[in-house]
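Please read the structure below before turning to the comments.
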Amino acid sequence: MHTQTSDAASQSTSKFATAKDIPPGYSVSSDFKGEYRWESILAPECHHKSGFKTFEDAVADCRAAQGDDSYVGELADE
């Protein structure tokens, strides 16, 4: 049997991201379409990705790409 306390604790550790989860030097924001994007504060024009449905997805992808210097955002495709 689950109590509300344990449910809340498991949700906060597994699914719920906060601003503290964003890697240093990056920002996550939402756009006018209600989608989320992350970008490098130092080089947003070349290190970013957008189109995420949730804040958590954007943070998770940003953390995954953070250590990869070869990662280039969508502007490089144009």
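Set side by side, the residues D7, D31, D57 differ, and just one is of a type in the set (D, E), surrounded by 10 or more Cβ atoms within 10 Å (Cβ to Cβ) and at pLDDT 90 or above, which is D57. When you look at G51, is it in contact with a strand residue (DSSP E or B) (Cβ under 9 Å, 6 or more places away or on another chain), on the phi > 0 side of the Ramachandran plot and at pLDDT 75 or above, yes or no? Spelling it out, G51 is indeed in contact with a strand residue (DSSP E or B) (Cβ under 9 Å, 6 or more places away or on another chain), on the phi > 0 side of the Ramachandran plot and at pLDDT 75 or above.
If you go through the stretch 11-60 and keep only what is in a helix (DSSP H, G or I) and among the β-branched types (V, I, T), you end up with T13, V59.
The values are calculated or read from the model by the stated rules, or taken from the named source; none is laboratory data. Please read all numbers here as calculations on a predicted model, not as lab measurements. Using ideal geometry, Cβ is built from the backbone for each residue, glycine included, and neighbour counts are taken over all protein chains shown.
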